[in-house]
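The structure appears below as structure tokens.
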Amino acid sequence: MNDHEIFINMINDNLNEMGDTIDCLYTTSNSCVKNKLLNRLRKNMSNIAALAQGLQNGAGANSPQAGAGRMFTPEELSRYNGRNGNPAYVAVNGIIYDVTNNAAWGGATHFGLTAGTDVTNQFASCHAGQPVLSKLKVVGKMPR
Ligand code: HEM
């Protein structure tokens, strides 16, 4: 998959998340929940704007998702385990995300999962349809 295709996929991911969020908005009358959902929509919109800018720049270096094109092997990913000062990366659906500074991945672990691994299946069973990945920086890809 080339950078252009990765960006298009990420735009589609954000659009899908927005569809899910709008569905939730129809069903809630709680103003606090509504505000949270509207903030999510804003976040997706700014992601899409940034990705579109990246595509316009040819997925160039100044897009926020710089580095998305770097290829990892499972062995290389395993070094990014968040230990000994190393960053903490995880793979989901062939895309590498940086969870180093994400509070839910404190100590480079998350509900028994450890960084430096492919967590595609666990993501599907725990967060399907949730706007979680759009909060993480993309740092590369890994063939599946
Ligand atoms: C064993 C399966 C999993 C369970 C039970 C689980 C559960 C949870 C729960 C309860 C939260 C919200 C509470 C918190 O902030 O700590 C959360 C947040 C999060 N999870 Fe998972 N998770 C799982 C797998 C994954 C996987 C595979 C990823 C891969 C990227 C992931 C990424 C995240 C992220 C980034 C957040 C923080 C979202 C934010 O910043 O608001 N989780 N998870």
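Listed values, structure above:
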| quantity | calculated |
| --- | --- |
| Which listed residue, of Leu37, Leu25, is within 13 Å of Gln130 (Cβ to Cβ), hydrophobic (A, V, I, L, M, F, W, C) and either in a helix (DSSP H, G or I) or in contact with a Gly (Cβ under 6 Å, 6 or more places away or on another chain) (or both) | Leu37 |
| Matching residues, segment 109-126, being under 24 Å from Arg40 (Cβ atoms) and surrounded by 13 or more Cβ atoms within 10 Å (Cβ to Cβ) | His110, Leu113, Val119, Thr120, Gln122, Phe123, Cys126 |
| Test: residue in segment 103-112 that is of a type in the set (S, T, N, Q) and closer than 19 Å to Phe72 by Cα | no |
| Some residue of segment 72-81 being modelled with pLDDT of 90 or more and under 25 Å from Lys43 (Cα atoms) | no |
| Filter result (without any contact (Cβ under 8 Å) to a residue 24 or more places away in the chain, out of contact with any helix residue (DSSP H, G or I) (no Cβ under 6 Å at 6 or more places or on another chain) and within 21 Å of Ala49 (Cβ to Cβ)) within segment 17-34 | Gly19, Ile22 |
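The values are calculated or read from the model by the stated rules, or taken from the named source; none is laboratory data. Note that the coordinates shown come from a computational prediction; the quantities given were computed from them, not determined experimentally. Here Cβ is always computed from backbone atoms with ideal geometry, including for glycine, and neighbour counts include all displayed protein chains.
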